[in-house]
Structures are given as C-alpha cells and as structure tokens.
Amino acid sequence: MKPNIQAESGKYAFITSTPLHSAKEDRETRTLVRKHVMRPFMKQNRPKKANGLKKIVPRVAVGASQRQPLIPTTNEDGAERDYRYGATLMAPLGNGRVNPFQAWPIKMNMQEHELVHYIWDSSQGVQPFRDVWFPLAISDPAAMNVVLANASLHINYLRGNKKESRDAMMYHLSAVRSVNRRLPNFAVEQSEGILGAILGFMCHDQILFNPKTWKIHRAGFCKILALRGGLSTIEHIQSLRLSLFWIEINMASDLDVAPLFPPPLQYLTNPYLPKYQAAGEVHFSSVCAYSNISLFLSANMLDVMRQLSILAVTMIREKGKKNPYSKKRLLRGDQGFAGLCIYPILSKLLTIQNQIHNKTEELCRIGGLLFIAQARKWCGVTHLLTKVLMAKLRRLLKIECNVWDARVKKLRLWTLVMAGCTAATDDERAWVIEALKRDVSHWTELENVKNMWWVDELSQAGLLNIEEAIHSFQEKDS
C-alpha cells in the first residue's frame, strides 16, 4: 500500500502487488499496474469542457493569422507560374470534403457542414475572395451564421430562385440576434468579430439588392469603426480591410455611386502587371489610334482606360493557359483574380464620375463599367445588376449632345455592344438593338468594335446575338 499523491480524491489507492519476477513475466499484469498508476495524470491532461463542448482548439482571431497575398509565384527563370497559394485556414481533406473535426464558432449540424463544403467545393465554380472573407466567418458566431445564410442564398440563386429561402432567413436571424445581444456590452478592443458580421449583413443586403438596409448596416459599421479610432485601426487586418473594400464596391457598382472608403492599395498588388503592362500599353495605343479617344477624354479617364487595356490583354493571354496541377484553366481557378485585377479598375470607374468633364467621358465610363461587369461574371461574381447603368445610358443617348458627334461613333458603338452583351431584360435588349440598327450603316462597323476593349470569351456570343437580331429586324422591314 502506498499513498497516491496525484489522485483527485486525495486518499490512498490500493493495488494488488505481485512479485517482481512475475510482473516481468506477465505483460498483462504490468500493463494493468501502469494504467492504474498513470490514471490521475491522464485525467489532468484531458481537454477541459465549456458549456458541454470540448475546446479542441482556440478560436481564431481575425487579426491573429493574416493571409498571405493571393499572388501566384514564379520560377527563378521566370517560367510557368506555380499556381498554388499559401496555406489556408480551412484546408479540405484529400477526398475534397471539409474536415468534420474543424473547430467552428457555432455548433454545426449536417446541413451546416454541407453549406461549408459547398463554399469550398471547386466543382461548383470559383468562389471569389473566399480566402479573404472566410477567416472572418470562423472568428465569430454571428459572422459564421451570416456566411451560412449567404451560402444558402447563393445556392438558391444558382437554382433560379432569387427569393430568400427559409434556411437563409433562419441563419440571418441567428446572426442578428447574436450581434444584438453583444451590442449592450460592446467592447471596442473586441469589435473585429462584430465588424465582420456587419460586413456579412451588407453582403446579404447586396445579394437581395436591398439598398436601404445596406446603407443602415454601413452606417453601423462606420459608427463602430469611429469608436475604434477610424479606418486606420483596421488597415493591418487584411481580411477585414479587403472584405470592406469588395463588399462596398459590389453595392456601389449596382447603384453606380462612388464608394465611401478608399481602396486598400497595400493589398491590391496586381500579380500580372509586370508581365503584361507593356503589351497593355501597346493595346491602348492601338485603341487610341483607331477611335481617336485621346481627342475628347481627360488625362484621368485615359489613365483608367489604359488599365482596362492591360486587363483585356491579361485575360486574352492567360485564359487559355492550363494549371499543371489540375489541368484546368488558370483564370477559371483564380479566386483572387477579380479582387486584385478587376476591382481596383472598377473602383476608379465609380469614383471618377465625380470628375466627369463632358458627356463623352460619361459614355466611355459606362462602357468601361459594362465591360467590367462581363469580366466579373466570367470570374464567378454573381448577383450583378446593370439596371442603373442601362438607364443612365438610355438617358444619355436621348440628349442631343457631343456623344452623337461623328468622331465619337466608334466609342458609341462599342458601348452599345457592351450594353447588349449585359442586357438583363427583353426591354433592354430591344432598346440596344433599335439604337444599333439606327447607328450602324454597315456590318463591318459592328465587327470593328473588336478593335476596342474586347475579349472574345466575354462578348463574342453577345455580339453574335446582336447581329442575328438586327438581321431579323432587317428581314421584317424588307
């Protein structure tokens, strides 16, 4: 008999002793004795429980693990890029399913696991910016619920149902309740999770196109941000800062208004710029020589359209390349391409509307935004609305002004073709066809829009539909 000092009861423990030579010979007896002696130490090392759930790993703070930039790497000799990004906070298992033992900020059932799997399932297409906004989700219960709500909305949207589903409503309601419970005891130093949740609410509003509640949530975000000390206090939190930029730009694009927050340039490095800047400059010079746009556009507008040329060249050169690891097209699998290469240009086109000098510049700006809308859709960005842009273009072309000058015709035709490619309703398509039918004197004028900013994979099908519609109108008239 010997005292067991480590025992939780603090009393003596009785064991049956055997001769030393027998213990060595009897392996089962030795194992039994060892287990009994080590039992108190094993109990001490067990994970502690909180609210009946084991704490498997600590929750991830938003700023605790910053993402590596979504920039593909190059070989030392500048050869083909290695298209694998840095490690993510949520890596799927070998069979492509999400890890069921991943720690989450909320209790997850099978349906929630399926929604997370949908977010990470590459067969469902590109999930733009996922590596940036998903860390926000796993840092806060409300943010996690709103991400599940948005994933449910996205699935419904792809199935043709644009109304909010019951599941999406329930997840969204849980997120709202979570935020409301914590606001009375709000702590500024712990506000990253709430800010991420509010950004999720803004994303939810944008998907449902609810500008009124979107503006309310943005005002709430600004108020909490002011309590923290302003925008500078989140500049170092990459996931939060980039999510704010992209979510605000999405709704600003739908409404065609200038964004409130400046772009986080420190995180918006275009990885393709060194490779295609020279070719983009050549392309822009060619566009200027063909359309004479340098005669009636300001230096600021020309600079934005120069960047649009670099984007067009990048897409043309890169869209056919294959990823050696998956044999898929590179840009199709680049969930950061839209954010790093398209959204900075989109931000400038939205902001520059406050510096427009004439109606021709506005015509060019609308054409650029319609081109960008096609590029965003091609990159997997859904819930795009061009209704406001189409209405502005229709009002612009009703006015007898310099947009009808003969020198502007090539720019005007290109903008109308971009409108025809993005038209969402029969009324919009009919108006575009009617406007082009009045303006086009020969078929070659339509084909020559390819001398402007053009990517076949974005607009070729739309151009063929326009030509077919005009041809059918001409047959009816004859």
Completion exercise
The one condition Thr213 fails out of (1) more than 17 Å from Asp254 (Cα to Cα); (2) part of a helix (DSSP H, G or I); (3) over 20 Å from the mean Cα position of the chain (by Cα) is (1)
Handout entry: Within region 397-459, helices (runs of 4 or more DSSP H) holding 2 or more residues that are touching a Gly at 6+ places or on another chain (Cβ under 8 Å) and either crowded, with 19+ Cβ neighbours inside 10 Å or modelled with pLDDT under 95 (or both)
Key = 409-422, 426-439
Fill in the blank from the handout: Inside region 203-243, the number of residues satisfying the requirement of being closer than 20 Å to Leu153 by Cβ and of a type in the set (A, V, I, L, M) is 3
Fill in the blank from the handout: Lys275 vs (1) in a helix (DSSP H, G or I); (2) more than 24 Å from His383 (Cα to Cα); (3) assigned by TED's automatic domain parsing to the domain that holds Ala143: all pass except (3)
Exercise for the section: Please work out which one of (1) within 23 Å of the chain's Cα centre (by Cα); (2) farther than 24 Å from Leu385 by Cβ; (3) not small (Gly, Ala, Ser) is the condition Arg166 fails and give its number. Expected result: (1)
Exercise for the section: Just one of (1) under 19 Å from Leu115 (Cβ atoms); (2) in contact (Cβ under 8 Å) with a residue 12 or more places away in the chain; (3) of a type in the set (A, V, I, L, M) trips up Ile224, so point out which. Expected result: (1)
Handout entry: Subset of region 323-361 [modelled with pLDDT of 60 or more and of a type in the set (Lys, Arg)]
Key = Lys348, Lys359
Exercise for the section: Report, by residue number, each residue of region 267-313 that is touching a residue at least 60 places away in the same chain (Cβ under 8 Å), over 30 Å from Gly230 (Cβ atoms) and of a type in the set (A, V, I, L, M). Expected result: Val287, Ile293, Leu295, Leu297, Met301, Met305, Leu308, Leu311, Ala312
Handout entry: Test: residue in region 158-169 that is small (Gly, Ala, Ser), within 22 Å of Met108 (Cα to Cα), in the same structural domain as Leu242 (by TED's automatic domain parsing) and out of contact with any helix residue (DSSP H, G or I) (no Cβ under 6 Å at 6 or more places or on another chain)
Key = no
Fill in the blank from the handout: Residue pairs within 8 Å by beta carbon, gap of at least six or interchain, first lying in region 238-266 and under 19 Å from Lys215 (Cβ atoms), second of a type in the set (Asp, Glu) and surrounded by fewer than 20 Cβ atoms within 10 Å (Cβ to Cβ), listed first then second, are none
Problem - Residue match in region 219-232 (condition: touching a helix residue (DSSP H, G or I) at 6+ places or on another chain (Cβ under 7 Å), buried (at least 18 other Cβ atoms within 10 Å of the Cβ), under 30 Å from Val313 (Cα atoms) and not assigned by TED's automatic domain parsing to the domain that holds Ile366) - result: no
Completion exercise
Note: among Ile216, Ile207, just one is of a type in the set (Val, Ile, Thr) and surrounded by fewer than 17 Cβ atoms within 10 Å (Cβ to Cβ), namely Ile216
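The values are calculated or read from the model by the stated rules, or taken from the named source; none is laboratory data. Treat the numbers as computed from the prediction; the structure is a model and nothing was measured. For neighbour counting, all protein chains shown are included, and Cβ atoms are generated from backbone atoms with ideal geometry for every residue, glycine included.
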